[in-house]
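*Asks:* For reference, the structure I am asking about is given below.
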Amino acid sequence: MQTPDTNDSQLCSHQEHSNQAHANKEYSQLWYPYAQMKHLELNLEVVEANGVYLTMSDGKSLIDGISSWWCVTHGYNHPELNQAMVDQAQKFSHVMLGGLKNRTTEAFAEKLVEITPDGLNHVFFSDSGSVGVEVAIKMALQYFFNQGNHNKTRIVALERAYHGDTTACMSVCDPAEGMHKMFHGITPEQFFLPAPTGGFSASEEQVNADIARVDALFNQHASTIAAVIVEPLLQGAGGFNIYSPTYLNQLKALCEQHNILLIFDEVATGFGRTGKLFATNHTDISPDIMVLAKGLTAGYVGHAATLASTRVYEAFLSDSPAKAFMHGPTFMGNPLACAIGLKAIEIFERDDYLTRIQTIEDILKEELLGFEHEEIVETRVLGATGAIEVKDAKHHQGIQQFAAEQGVWLRPFERYIYTMPPYVISPEELRKITHVMKAWFSRPR
Ligand SMILES: *Cc1c(COP(=O)(O)O)cnc(C)c1O
């Protein structure tokens with residue numbers, strides 16, 4: 001038995017500790033993302049969410065202008081998605097994919113093959129966009145290893161790219177301006193091409209000039225290049241650079257000429273964000289490998305799919321076990337994620353989300369294109385994405401609070417204020433977002 005003495009002193013030190021925890025904001029049990037914890041101030045607490053609205057602990061509601069990092073495509077607390085999740089949970093929430101089949105995961109793979117661009121016939125599941133990209137890169141390298149080619153070990157990426165936060169992903173994010181530049185030199189060294197210029201409708205000359213850089217790199221280094229990875233048409237977290245489908249068509253032709261695989265990271269662009277179901281649908285081609293996440297599960301649970309062409313898949317078929325793809329995240333093909341994903345696609349098709357996205361695009365263009373201010377470099381819109389680029393990131397200081405006070409949740413980063421709303425947003429709600437984005441520039445100072 002403990003003496004009262006010991007007990008007291010333990011109690012005392014415990015109290016001191018927890019008092020300190022509350023008094024000192026440098027102490028937080030929860031470590032938040034992309035944040036200097038020393039200065040992090042969090043005043044907004046979500047207690048409920050419905051449709052496009054987040055309800056805060058003070059009772060106020062905010063329109064979510066960015067779909068919780070671009071994934072809540074169908075809105076919050078969707079009755080049919082909730083039901084799909086409950087129905088699956090009552091059968092089984094999870095079962096391993098190693099050595100066991102289940103119909104939910106198989107049906108989701110079949111559906112993804114059906115709706116994605118031609119030729120992508122095989123689906124490898126994993127648990128997040130970053131892991132999906134890791135899988136794509138590993139698959140591309142092994143595609144060549146399995147054919148006895150051990151020279152093709154490098155990846156080509158675009159400047160301004162963002163492909164996730166894990167090691168291989170960091171190696172293909174923008175090396176100079178990207179948030180992972182500190183790790184440059186430790187992560188595998190890759191090749192970078194300048195970000196394509198000229199926007200969605202770039203002139204032939206602009207595309208040709210950009211493609212000439214690709215051609216030059218391939219002519220010099222193709223023997224060491226396994227794959228090119230790009231976010232097709234819309235570079236997201238690297239700064240909302242929008243570029244031409246013609247660039248992608250020509251990139252694919254050069255890849256084929258040089259025996260290089262083409263990987264499309266559609267983690268952000270997939271499921272309607274650029275105005276078509278996939279950004280690839282704006283082009284005449286299909287990539288060899290495509291990565292989906294974010295909208296894949298409508299923001300309910302984390303999941304990703306890496307799809308491969310038959311040509312890629314067949315390079316792993318062999319009598320030799322050594323040629324198998326040695327990868328298998330514990331939660332891959334999670335039935336809850338797959339049941340929700342299946343239902344999300346059903347709703348997307350049934351309720352004609354592409355028409356809703358067209359309406360969103362029309363409103364964003366009307367509201368944002370042509371909006372001018374001395375601080376603004378450019379405004380850009382593609383599909384259900386609208387961004388304002390300013391000259392100096394300092395210009396954003398205070399905008400998050402400003403927007404919240406007016407009932408909108410935004411999270412600007414670097415030089416960009418943007419919206420990527422849930423597709424269920426009404427025209428009035430969307431105009432409220434764009435009005436707040438614009439009102440920031442004419443606020444009294
Ligand atoms: C968000 C994102 C990722 C990473 O996905 P996570 O699920 O956050 O790991 C990768 N690529 C692109 C293009 C993204 O937008």
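*Asks:* Conditions: (1) within 28 Å of Arg103 (Cα to Cα); (2) of a type outside the set (Asp, Glu); (3) part of a loop (DSSP other than H, G, I, E, B). Ala305 meets all but one. Number of the miss?
*Replies:* Condition (3) is where Ala305 drops out.
*Asks:* Return only the number of the condition from (1) within 24 Å of Glu134 (Cβ to Cβ); (2) surrounded by 22 or more Cβ atoms within 10 Å (Cβ to Cβ) that Thr283 does not satisfy.
*Replies:* (1)
*Asks:* Tally the residues that are part of a helix (DSSP H, G or I) and either over 19 Å from the mean Cα position of the chain (by Cα) or on the phi > 0 side of the Ramachandran plot (or both), restricting the search to region 329-341.
*Replies:* Within region 329-341, residues that are part of a helix (DSSP H, G or I) and either over 19 Å from the mean Cα position of the chain (by Cα) or on the phi > 0 side of the Ramachandran plot (or both) number 3.
*Asks:* Output the number of the condition that Pro175 fails; it satisfies all remaining conditions of (1) at pLDDT 95 or above; (2) closer than 29 Å to Ile388 by Cα; (3) of a type outside the set (A, V, I, L, M).
*Replies:* Of the numbered conditions (1) at pLDDT 95 or above; (2) closer than 29 Å to Ile388 by Cα; (3) of a type outside the set (A, V, I, L, M), the odd one out for Pro175 is (1).
*Asks:* Still on this model: Taking the conditions exactly as written (surrounded by 16 or more Cβ atoms within 10 Å (Cβ to Cβ), out of contact with any strand residue (DSSP E or B) (no Cβ under 9 Å at 6 or more places or on another chain), assigned to a loop (DSSP other than H, G, I, E, B) and not aromatic (Phe, Trp, Tyr)), does Gly164 satisfy them or not? Write out each step before concluding.
*Replies:* On the way: surrounded by 16 or more Cβ atoms within 10 Å (Cβ to Cβ): yes; out of contact with any strand residue (DSSP E or B) (no Cβ under 9 Å at 6 or more places or on another chain): no; assigned to a loop (DSSP other than H, G, I, E, B): yes; not aromatic (Phe, Trp, Tyr): yes.
Taking the combined requirement at face value, the residue does not satisfy it.
*Asks:* Limited to region 160-181, what total is found for residues that are within 13 Å of Phe192 (Cα to Cα), without any contact (Cβ under 8 Å) to a residue 60 or more places away in the chain and away from the ligand (no atom under 12 Å from the Cβ)?
*Replies:* Residues in region 160-181 being within 13 Å of Phe192 (Cα to Cα), without any contact (Cβ under 8 Å) to a residue 60 or more places away in the chain and away from the ligand (no atom under 12 Å from the Cβ): 3 in total.
*Asks:* Report, by residue number, each residue of region 417-431 that is out of contact with any helix residue (DSSP H, G or I) (no Cβ under 7 Å at 6 or more places or on another chain), crowded, with 18+ Cβ neighbours inside 10 Å and not in a loop (DSSP other than H, G, I, E, B).
*Replies:* Tyr418, Glu429
*Asks:* Okay, moving on. What number of residues within region 278-297 are out of contact with any Asp or Glu (no Cβ under 9 Å at 6 or more places or on another chain), of a type in the set (A, V, I, L, M), closer than 20 Å to Leu382 by Cα and more than 10 Å from the ligand (Cβ to nearest atom)?
*Replies:* Going through region 278-297 one residue at a time, the tally reaches 1.
*Asks:* Further question on the same structure: Can you tell me which of (1) β-branched (Val, Ile, Thr); (2) in contact with a helix residue (DSSP H, G or I) (Cβ under 7 Å, 6 or more places away or on another chain); (3) over 17 Å from Gly272 (Cβ atoms) is the one Val52 doesn't meet?
*Replies:* (3)
*Asks:* Which residue pairs have Cβ atoms under 8 Å apart, sit 6 or more places apart or on different chains, and have a first residue in region 59-70 that is touching a residue at least 24 places away in the same chain (Cβ under 8 Å) and a second that is assigned to a loop (DSSP other than H, G, I, E, B) and of a type in the set (Val, Ile, Thr)?
*Replies:* Sorted first by the residue in region 59-70, then by its partner, the pairs are Ile63/Val52; Ile63/Ile425; Asp64/Val52; Asp64/Val72; Ser67/Thr73.
*Asks:* Can you find a residue in region 48-64 that is in a loop (DSSP other than H, G, I, E, B) and either within 22 Å of Ser128 (Cβ to Cβ) or at pLDDT below 95 (or both)?
*Replies:* no
*Asks:* So Ala157 fits all but one of (1) within 15 Å of the ligand (Cβ to nearest atom); (2) among the small types (Gly, Ala, Ser); (3) within 30 Å of Leu317 (Cβ to Cβ); (4) assigned to a loop (DSSP other than H, G, I, E, B); what number is the exception?
*Replies:* So the condition that Ala157 fails would be (4).
*Asks:* Identify all residues within region 76-121 that are touching a Gly at 6+ places or on another chain (Cβ under 7 Å) and over 30 Å from Pro287 (Cα atoms); write none if there are none.
*Replies:* Tyr76
*Asks:* Would you list the helices (runs of 4 or more DSSP H) that sit entirely within region 75-148 and hold 1 or more residues that are more than 16 Å from the ligand (Cβ to nearest atom) and within 17 Å of Gly295 (Cβ to Cβ)?
*Replies:* Once the helices (runs of 4 or more DSSP H) in region 75-148 are filtered for at least 1 residues that are more than 16 Å from the ligand (Cβ to nearest atom) and within 17 Å of Gly295 (Cβ to Cβ), what remains is 79-91, 103-115.
*Asks:* Of all residues in region 46-74 being within 16 Å of the ligand (Cβ to nearest atom) and buried (at least 19 other Cβ atoms within 10 Å of the Cβ), which is nearest to Asp351 (Cα to Cα)? Working first, answer last.
*Replies:* From region 46-74, those within 16 Å of the ligand (Cβ to nearest atom) are 66-73; that's our starting set.
If we keep only those that are buried (at least 19 other Cβ atoms within 10 Å of the Cβ) too, we end up with 66-67, 70-73.
Details: Ile66: 21, Ser67: 19, Trp70: 20, Cys71: 18, Val72: 16, Thr73: 13 Å.
This residue is Thr73.
*Asks:* Still on this structure: Residues that are buried (at least 23 other Cβ atoms within 10 Å of the Cβ) and not in a strand (DSSP E or B): does region 387-404 have at least one?
*Replies:* yes
*Asks:* Need the failing condition index for Phe325 against (1) surrounded by fewer than 24 Cβ atoms within 10 Å (Cβ to Cβ); (2) in contact with a Leu (Cβ under 7 Å, 6 or more places away or on another chain); (3) among the hydrophobic types (A, V, I, L, M, F, W, C); (4) within 29 Å of Gln147 (Cβ to Cβ), just the number.
*Replies:* So the condition that Phe325 fails would be (2).
*Asks:* So if I check each of Gln10, Gln15, Gln2, Gln20, which one is modelled with pLDDT under 95 and loosely packed, with under 10 Cβ neighbours inside 10 Å?
*Replies:* Of the residues listed, the single one that is modelled with pLDDT under 95 and loosely packed, with under 10 Cβ neighbours inside 10 Å is Gln2.
*Asks:* Which one of these is closer than 13 Å to Leu112 by Cα and among the acidic types (Asp, Glu): Glu346, Glu361, Glu366?
*Replies:* Glu346
*Asks:* When the residues of region 240-272 are filtered to those that are out of contact with any strand residue (DSSP E or B) (no Cβ under 6 Å at 6 or more places or on another chain) and under 20 Å from Pro422 (Cα atoms), which remaining residue is farthest from the ligand (Cβ to nearest atom)?
*Replies:* Filtering first and then ranking leaves Gly272.
*Asks:* Which condition does Thr310 not pass, out of (1) under 22 Å from Glu80 (Cβ atoms); (2) β-branched (Val, Ile, Thr); (3) touching a residue at least 12 places away in the same chain (Cβ under 8 Å), if it passes all the others?
*Replies:* (1)
The values are calculated or read from the model by the stated rules, or taken from the named source; none is laboratory data. Model, not experiment: these values are computed from the prediction. Positions of Cβ are generated from backbone atoms using ideal geometry, with glycine treated the same way; all protein chains shown enter the neighbour counts.
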